[in-house]
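Novice: The structure is given below, and queries will be raised subsequently.
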Amino acid sequence: MTRIRYFVPNISCNHCVHTIQSELREIAGVKNVEARADTKQVTIEFEPPATETQIKQFLVEINYPPA
């Protein structure tokens, strides 16, 4: 299992946190997502078929691009 952490400056509230967590969990292979509004960080645990590139692209698509 791979764990990545991103700083996502667009996170401003708990609605953002909920959106990121629920959307990323839809990706096959994503096992856990923790987003925090106070630190603006997202931690994702995943395994194949999910890839880091796919996750980053998805965050951009939902308007939460990692810095």
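The values are calculated or read from the model by the stated rules, or taken from the named source; none is laboratory data. Remember, predicted model here, so these are calculated numbers, not experimental data. For neighbour counting, all protein chains shown are included, and Cβ atoms are generated from backbone atoms with ideal geometry for every residue, glycine included.
Novice: If A28 satisfies all but one of (1) surrounded by 14 or more Cβ atoms within 10 Å (Cβ to Cβ); (2) among the hydrophobic types (A, V, I, L, M, F, W, C); (3) not in a helix (DSSP H, G or I), what's the number of the condition it fails?
Specialist: (1)
Novice: Only one of these is touching a Ser or Thr at 6+ places or on another chain (Cβ under 7 Å), of a type outside the set (D, E, K, R) and at pLDDT 95 or above: F7, F46, F58. Name it.
Specialist: Unique residue meeting the criteria: F46.
Novice: From the set of residues in the range 32-67 that are outside any loop (DSSP other than H, G, I, E, B) and over 11 Å from the mean Cα position of the chain (by Cα), which is surrounded by the fewest Cβ atoms within 10 Å (Cβ to Cβ)?
Specialist: T53
Novice: Sticking with this one: Kindly list the number of the only condition in (1) touching a residue at least 12 places away in the same chain (Cβ under 8 Å); (2) among the hydroxyl-bearing types (S, T, Y); (3) loosely packed, with under 13 Cβ neighbours inside 10 Å that fails for T19.
Specialist: Of (1) touching a residue at least 12 places away in the same chain (Cβ under 8 Å); (2) among the hydroxyl-bearing types (S, T, Y); (3) loosely packed, with under 13 Cβ neighbours inside 10 Å, only one is false for T19: (3).
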